[in-house]
Each structure stands twice: as structure tokens, then as C-alpha cells.
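Down below is the structure, laid out as C-alpha cells.
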Amino acid sequence: MIRRPLELFACTLTGGLLAMVYGDSRWAGVAGSLAGASLWVTLDNVRAARVLNWLRHGHAVRPPRVSAVWAEVVERSRKGFKALNRKARKSEARLQEFLAAIQASPNGVLLLDKNATIEWCNFTAAQHLGFDSKRDLRQQIRNLIRDPAFIAYLGSGDYAKPVEIDGRDAYPGHPQRISIHIHVYGKGRRLMLTRDITAVEQAEAMRRDFVANVSHEIRTPLTVVSGFIETLQHLDVGPDDRQRYLALMAQQAQRMQTLVSDLLTLSRLEGSPIPGSGEWVRSQELLDQVVGEARALSDVVAQGRHDILAEPSPVLEIAGARSELVSAMSNLLSNAVRYTPPGGEIRAGWRALDDGGAEFYVSDTGPGIEAEHLPRLTERFYRVDRSRSRETGGTGLGLAIVKHVAQRHGGQMAVDSVVGAGSTFRITLPPSRVLVD
Ligand code: ADP
């Protein structure tokens, strides 16, 4: 700090002395001193201007070479810039990490300022709502989402609950529902969270349908049974009628029992672990068992007037849950028996496949199934021939069970059918579950 006054003093003195030597008068000395001091002030201003210029451009420009106190100002500022830069870089890195985390969120995140202008949004929100996460920044959200339910929600200021609207990808036959929930923060800013709830809504619709279907299936036999109970309680019926009513009641009770048993099978299939590949079952044993049951069923529904053939098959062993395999195979055979008119032929067997896997097949000469029904056959309670299904004790759950069992064993169920000629149902299993002797 002492250097500046010394510099000024030196310049003033030098100016004064020089003027006195050359001017040879006291006034010349005073004028020289003033000139020396002015020179120093000018030089100092030039240095100050250089430093100021550098400060204005910050760290982008090289620091000026200056001396004395200006050198210290430059050095301290340079260090300050550096520290600030380091801090800014750190903050930027943290911000980027934070934004990357929000980008990775399965939910959409959108920030609105107090005028409902979009300040930032992640890709998921943009995808849900159908806009561009960069191009549409600074746009009014009202101009981009025009759904009346959303506009009313945004304007209401009551954000206790979310609002649901159609998503960008929604079109007839392809629903997409998006839930939007707004949370207020800061000074009138809003955080908007979006969630794709299509699957949740579909699951909920399926659950509702399922409950309605089960109730409907149970209501009919239950109405019949309670009707007969009332009749027997209040009317004096003869022994023959009584026997007939009891037989009908037993039949309806059996129907409910079959339905409950199929429902339990389905829920067991959904809730239990995938069958391991440690338990090996002989395919022939399975075939003999289900064909035996099919012949017994044919005796009941068609006085045994079906030709049921267990076709010779290679000796195979199947890895899986025996009870599940029997259940799937007997469902296919029972369908063939129930839907094929008396006199028809039914063939069932196992065959090895070229890829090392195997398939169980059941072919019948029944009525066949129109192509439009094929994709829906494994839906729960879907029936093509409703009355035939009910007459023969069908629950509408048989093929759903077959599909589940096949999938749990790493395989699948397939159908080929020609209307008027018959159908072939197959369960194919992968090589890992098949052993050919
Ligand atoms: P259900 O208990 O009604 O038989 P399934 O799920 O086993 O239910 O079968 C669904 C529907 O597929 C049946 O209602 C029937 O209309 C049709 N179906 C199944 N197997 C055959 C078959 N072999 N021949 C003709 N139609 C069949």
C-alpha cells in the first residue's frame, strides 16, 4: 500500500527536479512536479482501466500485467474467480445428477411457474402428455393440454386429489389413461406429477368383470336350488316330484362345486411358484389317466358313443407338476368329449418335436370353432357355444387353466380348427422339460 504514495512522490519529485534543472526557476519546478503527478495519475488510470476491463470480462480474458496494488487486485480477483468457477462447476454437476435422477423416474415430472408456464419437464411427462420436453418449454400448459377435466383441475387450485385424462397414445381400441397430480411449492410454483395408470385401470376393469362373471355363474344354480328348497318347504309334493327336485338340486350343486373347484385351480396356478424341473412324469401314465376319465365322461354325456383313441407315442418323460399336467390334459379331452356329437372320433397322444420338445394333442371331429373366436378362447368365462357348455357342466374356465399350465411349464397352448370338420388343441413343452428314452 505504501508503494502508491511512494510512486506518486517519486514522479512529482522527478518532474519537479527535471523542470528546475532545465527551467531554472521555482515556478518551473512547481509546474514539473504537477506534470510528474499528472503523469502518474494518468498511468494509474490506464492500469485501473485495464484491470476494470479484465474484471468486466471475468476469467474469459488473460489477466493484465500490472504492478503494485493493481497486481494484488488482479491476483485476488483471479483466485476469487477460480473459487467461484469451482463452486459453479460443482453445483452444475449436482444439478445434472439431480435432473438425471428425475429423468430416470418412472413418473412424469413437470415444473410450472406461477403463470402455469412450463419451466422444465422430464421425458416421461412429455411422453405421457404428448409434447416435446425441449421445444415446448416456456409454453403455457393450458395450450398443450386441452382436456376440459385438466383445465378445470388446474384452475380450481384444489389439488388434494389427482385428475385422470386420456394420454397422448390413446385412440379407439387402445386406451391410455394418465393420472396428473399437482403439488404447490415456493411462491405459487407448481410441481406436476404424471403417472400411466392404463394397466391399473385395466386390471381394475378385469377384476370387476371377473367378480360380475363369477356372481352371474353362481346366481343361476343358486336361484334354482333355493327355488326348489322353497317348493319343498311350502308345498306338499309327491315322492316322485320330490326325487326329481332333489336330483335337479344335486345337479346345480355339482355345477357350483365344479365352478368353485376351477376357480381354486386358477388361483392356485396364479399364486404358486413355477413347477420345478426335478419331478419327472411318464407321458404314457398321464395319457392313460386322462383318456380313462374321458371315456367315463363320454358314458355320461353321450352314452359312450365316442371313439376315443389314445395314440401310441414315443416313451417320453415330462418334467413338471403332475396334478397340473393332468388338469390341463383332461380339460382338453373333456372339451373334445363335450363338444363332439355322439359318433365322433377323438384322438389324443404325445409326440416328440424336432427341436427336442414335445406336444400333447387332442383332435376331434366336432363342430370346429370359427376363426374369430380363436384368440379369445382362453379368456375366463369366454364361451363359443354357451348352451352346450352349460348343458355339459362347462365353467368357461377350462382353456384358461390349460393356458396357465402350459405357460407355467415354459410352453404354450395352440388351436387349429376347421368349422364343420373338427379341432386340434395342443400343449407344446420346451426341450428342457422333455426326456426321450
Ligand atoms: P367350457 O367350460 O365352456 O368348455 P373352456 O374354457 O374349456 O370352457 O372352452 C371355452 C369355449 O371354447 C367353450 O365354451 C366352447 O365353446 C369352445 N370349445 C372348447 N373346446 C372345444 C372343442 N373341442 N370343440 C368346439 N368348441 C370348443
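The values are calculated or read from the model by the stated rules, or taken from the named source; none is laboratory data. As the structure is a computational prediction, the values presented were derived from the model and not from experiment. Glycine also receives a Cβ, built like all others from the backbone with ideal geometry; neighbour counts cover every protein chain displayed. With ligands, DNA and RNA removed, areas are computed over all heavy atoms of the protein, side chains included. Shrake-Rupley method; radii C 1.70, N 1.55, O 1.52, S 1.80 Å.
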Residue in region 140-150 that is open to solvent by less than 20 Å² (accessible area, probe 1.4 Å), assigned to a helix (DSSP H, G or I) and closer than 19 Å to VAL109 by Cβ present: yes
Unmet criterion (only one of (1) open to solvent by less than 90 Å² (accessible area, probe 1.4 Å); (2) modelled with pLDDT under 85; (3) not basic (Lys, Arg)) for ILE102: (2)
Of the criteria (1) of a type outside the set (Gly, Ala, Ser); (2) closer than 21 Å to ALA296 by Cα; (3) touching a residue at least 24 places away in the same chain (Cβ under 8 Å), which one VAL418 fails: (2)
Residue check, ILE346 open to solvent by less than 20 Å² (accessible area, probe 1.4 Å), within 16 Å of the ligand (Cβ to nearest atom) and part of a strand (DSSP E or B): yes
Which listed residue, of HIS174, HIS181, is modelled with pLDDT of 95 or more and either aliphatic (A, V, I, L, M) or not assigned by TED's automatic domain parsing to the domain that holds PHE381 (or both): HIS181
Complete set of residues in region 207-264 that are free of Cβ contacts under 8 Å to residues at least 60 places away in the same chain, charged (D, E, K, R) and in a helix (DSSP H, G or I): ARG207, ARG208, ASP209, ARG219, GLU230, ASP240, ASP241, ARG242, ARG244
LYS82, sole failed condition from (1) at pLDDT 90 or above; (2) part of a helix (DSSP H, G or I): (1)
Output for region 299-343, where each listed residue is out of contact with any strand residue (DSSP E or B) (no Cβ under 6 Å at 6 or more places or on another chain), within 16 Å of the ligand (Cβ to nearest atom) and among the hydroxyl-bearing types (Ser, Thr, Tyr): SER327, SER330, SER334, TYR339
Residues of region 259-279 satisfying the condition of being open to solvent by 40 Å² or more (accessible area, probe 1.4 Å) and either of a type in the set (D, E, K, R) or out of contact with any strand residue (DSSP E or B) (no Cβ under 9 Å at 6 or more places or on another chain) (or both): VAL260, SER261, LEU264, SER267, ARG268, GLU270, GLY271, SER272, PRO273, ILE274, GLU279
Selection count where residues are polar (S, T, N, Q), closer than 30 Å to ARG47 by Cα and open to solvent by 80 Å² or more (accessible area, probe 1.4 Å), scope region 71-96: 0
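Yes/no matrix, rows are residues, columns are (1) open to solvent by 30 Å² or more (accessible area, probe 1.4 Å); (2) modelled with pLDDT of 95 or more; (3) more than 20 Å from ILE318 (Cβ to Cβ); (4) more than 7 Å from the ligand (Cβ to nearest atom):
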residue: ARG380; (1), (2), (3), (4): yes, no, yes, yes
residue: SER389; (1), (2), (3), (4): no, no, yes, no
residue: GLY394; (1), (2), (3), (4): no, no, yes, no
residue: ILE401; (1), (2), (3), (4): no, yes, no, yes
residue: VAL405; (1), (2), (3), (4): no, yes, no, yes
residue: MET413; (1), (2), (3), (4): yes, yes, no, yes
Every residue from region 415-430 that is in contact with an Asp or Glu (Cβ under 9 Å, 6 or more places away or on another chain) and either part of a loop (DSSP other than H, G, I, E, B) or surrounded by fewer than 14 Cβ atoms within 10 Å (Cβ to Cβ) (or both): VAL419, PRO430
Test: residue in region 151-165 that is modelled with pLDDT of 90 or more, touching a strand residue (DSSP E or B) at 6+ places or on another chain (Cβ under 7 Å), open to solvent by 30 Å² or more (accessible area, probe 1.4 Å) and closer than 21 Å to SER105 by Cα: yes
Region 26-66, residues that are outside any helix (DSSP H, G or I) and open to solvent by less than 90 Å² (accessible area, probe 1.4 Å): VAL61, PRO63, PRO64, VAL66
Region 349-378, subset under 36 Å from the mean Cα position of the chain (by Cα), in contact (Cβ under 8 Å) with a residue 12 or more places away in the chain and near the ligand (Cβ under 8 Å from one of its atoms), residue farthest from PRO221 (Cα to Cα): ILE369
Residues satisfying the stated conditions in region 168-218, i.e. aromatic (Phe, Trp, Tyr) and either closer than 21 Å to TYR153 by Cβ or open to solvent by less than 40 Å² (accessible area, probe 1.4 Å) (or both): TYR185
Considering residues of region 349-368 that are open to solvent by less than 10 Å² (accessible area, probe 1.4 Å) and part of a strand (DSSP E or B) only, the residue farthest from ASP299 (Cα to Cα): ALA358
